[in-house]
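Since the structure comes first, as structure tokens, the remarks are kept for the end.
The values are calculated or read from the model by the stated rules, or taken from the named source; none is laboratory data. Quick caveat, the model's predicted, so the values are computed rather than measured. All Cβ positions, even for glycine, are placed from backbone atoms using ideal geometry, and neighbour counts span all protein chains on display.
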Amino acid sequence: MDVHRSNDSDHELLCAWQVGDRRAGDLFIRHHAPSLARFFRNKLTTPADSHDLVQETFLALQRTAGRAGPAVTTSVRAYLFSIARRVLCAHLRKKYKRSSEALDFGSVCVKQLDPTSMSALLMRRRELRVFVEALRAIPLDDQVLLEAKYFDAMSVREIGVLLALPESVVPGRLQRAKGRLRQKIEEVSVQLHGMAPPEVGDDALDLWAQEIRARIE
């Protein structure tokens, strides 16, 4: 998928879809479905759940985009992922029978809810498996933020739309999330795989993310 696709093109397709142009809707879905599937895949354990939530996200987008205002015009893609995050959180709360007060996605990670990852099972290189497992072991909001950066090349502005954060706050949140990820990579390397922690600089994270994306798309 071309992560640098024009937001204007996405917006034109979305507007046409909302007024009944099915061909525009098909084109929009075809473009964004792979990245949405990847978004859900590392947070769920069954392909059926992932497929259902992708469909639910597109339906919610079509219903709400007309009322979204600046959020959707700033970045259709980021607004789409903000819906995907809400759909995911609602699914997890329902599945694990937790109330909104009892399940804080700023602190709860998906590994705590379900230790099995579809994406991790696909990784044969230990470094990549460690990377995927570590992402699942940090708070969900941090996982969403880092995957938006590394897998979807979202800008600071887009991440702000995705997480409903002021743009000025995003760099600090990004650095905090990276710190948590590096710590988890070290822990997972030693505790689960008995290997020395790999070097975890920004270049390494970029390379691992590129390889993982190529394998799971």
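To keep it simple, each residue is scored yes or no on (1) in contact with a helix residue (DSSP H, G or I) (Cβ under 8 Å, 6 or more places away or on another chain); (2) surrounded by 21 or more Cβ atoms within 10 Å (Cβ to Cβ); (3) at pLDDT 90 or above.
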{"residue": "L128", "(1), (2), (3)": "yes, no, no"}
{"residue": "F131", "(1), (2), (3)": "yes, yes, no"}
{"residue": "V144", "(1), (2), (3)": "yes, yes, yes"}
{"residue": "A153", "(1), (2), (3)": "no, no, no"}
{"residue": "E158", "(1), (2), (3)": "yes, yes, yes"}
{"residue": "V161", "(1), (2), (3)": "yes, yes, yes"}
{"residue": "A164", "(1), (2), (3)": "yes, no, yes"}
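What are the residues in region 83-108 that are at pLDDT 80 or above, assigned to a loop (DSSP other than H, G, I, E, B) and in contact with a Leu (Cβ under 6 Å, 6 or more places away or on another chain), if any?
Residue satisfying the conditions is F105 alone.
Quick check on L44: is it in a loop (DSSP other than H, G, I, E, B), crowded, with 16+ Cβ neighbours inside 10 Å and not charged (D, E, K, R)? Break it down into steps so the answer makes sense when it comes.
Numbers: in a loop (DSSP other than H, G, I, E, B): yes; crowded, with 16+ Cβ neighbours inside 10 Å: yes; not charged (D, E, K, R): yes.
Yes.
Would you mind finding the one in R124, R215, R176 that is assigned to a helix (DSSP H, G or I), modelled with pLDDT under 80 and either of a type in the set (K, R) or under 21 Å from L36 (Cα atoms) (or both)? Outline the logic, then answer.
Numbers: R124 fails: assigned to a helix (DSSP H, G or I); R176 fails: modelled with pLDDT under 80.
From the options R124, R215, R176, the qualifying one is R215.
Applying the selection to region 171-181, what residues are basic (K, R) and buried (at least 16 other Cβ atoms within 10 Å of the Cβ)?
Selection gives R173, K178, R180.
With D2, D8, D21 as the choices, which residue is among the charged types (D, E, K, R), over 30 Å from K95 (Cβ atoms), at pLDDT below 85 and over 21 Å from the mean Cα position of the chain (by Cα)?
D8 is the lone residue from the list that is among the charged types (D, E, K, R), over 30 Å from K95 (Cβ atoms), at pLDDT below 85 and over 21 Å from the mean Cα position of the chain (by Cα).
Looking at region 54-82 only, could you name the residues that are of a type in the set (V, I, T), at pLDDT below 75 and surrounded by 15 or more Cβ atoms within 10 Å (Cβ to Cβ)?
Scanning region 54-82 gives a single hit, V72.
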